[in-house]
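So the structure is just underneath, and the comments pick up after that.
The values are calculated or read from the model by the stated rules, or taken from the named source; none is laboratory data. Predicted model only: the values in this text are computed from it and were never measured. Virtual Cβ from ideal backbone geometry, glycine too; neighbours counted across all protein chains shown.
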Amino acid sequence: MPTGQQEECLDIFLQQMINGLTLGSVYAVVALGYTMVYGIIQLINFAHGEVVMIGAMVAFSVINALVGAHTGLPPLAIVMTGVLVAIPVCMAVGYTLERVAYRPLRSAPRLAPLITAIGLSIVLQNLAMIIWSRNPMPFPQIITVTPYHVTGNTDGATITNVQIAIIVASVLMMGGLLGLVYRTKLGIAMRATSQNQQIAGLMGIDINTVISLTFVIGAGLGAVAGVMVGTYYGIAQYQMGFLLGLKAFSAAVLGGIGNLAGAMLGGLLLGVIEALGAGYVGDLTNLCQIASWSDAIATRCASDPNLTLFGSNYQDVFAFLVLIAVLIFRPSGLLGERVGDRA
Amino acid sequence: MSDPVTGSSGSASALLELSKLEVAYGGIQAVKGIDLHVDKGELVCLIGANGAGKTTTLKGICGLQPVKRGTIRYDGKDITGRPAFELVRNGLAMVPEGRGVFGALTIEENLAMGAYVRDDRAAIATDIERIFHLFPRLKERRRQTAGTLSGGEQQMLAMGRALLSKPRLLLLDEPSMGLAPLMVQKVFETVMTVSQEGVTILLIEQNAKLALEVSNRGYVMESGAITLAGDAKTLLHDPAVRAAYLGESAA
Ligand SMILES: Nc1ncnc2c1ncn2[C@@H]1O[C@H](COP(=O)(O)OP(=O)(O)OP(=O)(O)O)[C@@H](O)[C@H]1O
Ligand SMILES: [Mg+2]
């Protein structure tokens, strides 16, 4: 029989896992956009985070407009409309990036498209700031967040309807993408193109179309991810793509960049690591545990028993600790191979 | 216009016709203005030493390397500089040097890519069965990735894959390269079978003797230029060819 305290610990752990898997599935979907593009043309499309941001901004604009117009539409229909507008907009952005910025540089040295990607990311951020202003856009209060208990304990861990929706939508998108890539002619053509563009051309594959489609699909997934993460935090802002993009990129590297299953695994793992890290970093670095070592600490602990070195605001650090650790100990990622000779 | 080397004129029955074709890699002129034609239904070989410019000629035809000067006509139309993916759609397929199978794709997926330009699912399935009949070893390994196949098996896959596009003209770049004698035999038998089925073939080979034996006509290439051309049997007995490409058999 678990004691009350053990039960509480378990509940906290479960809660962190649920939160981690929710964010992790968003990271996974965004990471797919990075990994697909890398897989096919060995380019790290650093502007992908901004595509995700644009998805959130467009969807939120539509959602807010619909709510403001008092259309009487049910909340789900409003959100879906936002998503359905955001997807083609992001696809168009993804297509344009490839067509206008990356394609002319396809045979240029590696550094050129990489710097272009970083530049595009800044340009898109500034464009978004001009269009939507610096102010964060709130997600209107149209969805009642309902928590469901996952254990018998009535004040224990919960999963909300929004979290369930995010996880289910992500799983569906990942499944759909795997089906596309491994079961359809287009998917085989994408993998063929990623292996050898010349030979793919000899098969009659128009590699430019295939590469465009890869960007478009990744951007479409990114649009949905943007709406999901915006809805989860209740806010969308022109800078949101930066950190989210870097985290998703870290997730892609963690899983092995270029590898679809790796991006999914990396995203989920990163979400969980981040949630657990944020959840426990305060406890682990609680200085009062070592109060007996130093009088100064003991005095301060007397007034503040939660004196910690690192609080949960250090959450964002974990993604980068993971990235650094992967780059040092397993540069090819968990499921990746041969990144060394590709990069 | 009469061709000074082959003596034959660019006839209406030519499926492929190169005139004054020049292909260069930057400053390196690898193909220096060659004339070559392959008539409908013919099996023509292009032989020559390493570095003669045979592969470069094929790359020029397929749009894999820009043509510097000259024209390529296929089926009566000027296709100079057209990208490879368009040519396949018009029945011009190539098996590149070194086979070029997709190592990470399964054999079935490689074959599916061969039929990429086709939409007739049922007919594709039948044709894949025919390929499997021609190369039973591919059938046994159909779900294996192509990278795990032996060199000979990869060559069969590459040829099977090219055939699945239902080509009218097939360009083969050294299909026997690096294969054991038995496998070389198998490859040449396949080339003849395909030819007899009505596919026009331009065959590039190092193995000059075998190539000339199966071909109708032949061209000899040296340092980017065609030095000899004519009936394959004639070339086979030409003292210059025997000395240069058939080694001791000249004696
Ligand atoms: N990518 C390249 N860049 C520069 N020069 C090249 C390139 N490919 C081939 N060459 C040069 O062009 C010439 C013709 O090469 P090519 O590959 O066409 O010869 P080949 O007749 O096919 O020879 P082999 O029988 O060895 O395959 C050679 O001198 C070669 O060094
Ligand atoms: Mg060659």
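Side notes on the structure shown:
- Selected residue (only one of A:A86, A:A112, A:A92, A:A108 is under 22 Å from A:A236 (Cβ atoms), exposed (fewer than 15 other Cβ atoms within 10 Å of the Cβ) and either modelled with pLDDT of 95 or more or of a type in the set (G, A, S) (or both)): A:A92
- Condition met for B:G114 (on the phi > 0 side of the Ramachandran plot, in contact with a Leu (Cβ under 8 Å, 6 or more places away or on another chain) and within 13 Å of chain A (Cβ to nearest Cβ)): no
- Beta carbons closer than 7 Å, at least 6 apart along the sequence or on distinct chains, pair a first residue in segment B:24-41 that is under 17 Å from B:V67 (Cα atoms) with a second that is more than 16 Å from ligand 2 (Cβ to nearest atom) and among the hydroxyl-bearing types (S, T, Y) for B:D35/B:S19.
- Of all residues in segment A:294-329 being of a type in the set (G, A, S) and surrounded by 13 or more Cβ atoms within 10 Å (Cβ to Cβ), the one that is modelled with the lowest pLDDT: A:S312
- Among the residues of segment B:44-55, those that are at negative phi, within 6 Å of ligand 1 (Cβ to nearest atom) and touching a Gly at 6+ places or on another chain (Cβ under 8 Å) comprise B:A52, B:K54.
- Selection status of A:I211, among the hydrophobic types (A, V, I, L, M, F, W, C), assigned to a loop (DSSP other than H, G, I, E, B) and buried (at least 20 other Cβ atoms within 10 Å of the Cβ): no
- In the set (1) closer than 22 Å to A:A101 by Cα; (2) more than 14 Å from chain B (Cβ to nearest Cβ); (3) of a type outside the set (S, T, N, Q), the condition left unmet by A:I164 is number (1).
- Scanning segment B:117-145 for residues that are in contact with a Ser or Thr (Cβ under 8 Å, 6 or more places away or on another chain) and at the interface with chain A (Cβ under 10 Å from one of its Cβ atoms) yields B:V117, B:R118.
- Qualifying residue in segment B:26-41 (condition: within 11 Å of ligand 1 (Cβ to nearest atom), at pLDDT below 95, surrounded by fewer than 21 Cβ atoms within 10 Å (Cβ to Cβ) and among the aliphatic types (A, V, I, L, M)): yes
- Checking A:G175 against (1) more than 14 Å from chain B (Cβ to nearest Cβ); (2) within 23 Å of B:V101 (Cα to Cα); (3) exposed (fewer than 15 other Cβ atoms within 10 Å of the Cβ), the condition it does not meet: (2)
- Qualifying residue in segment B:87-108 (condition: among the charged types (D, E, K, R), within 14 Å of another protein chain (Cβ to nearest Cβ) and loosely packed, with under 15 Cβ neighbours inside 10 Å): yes
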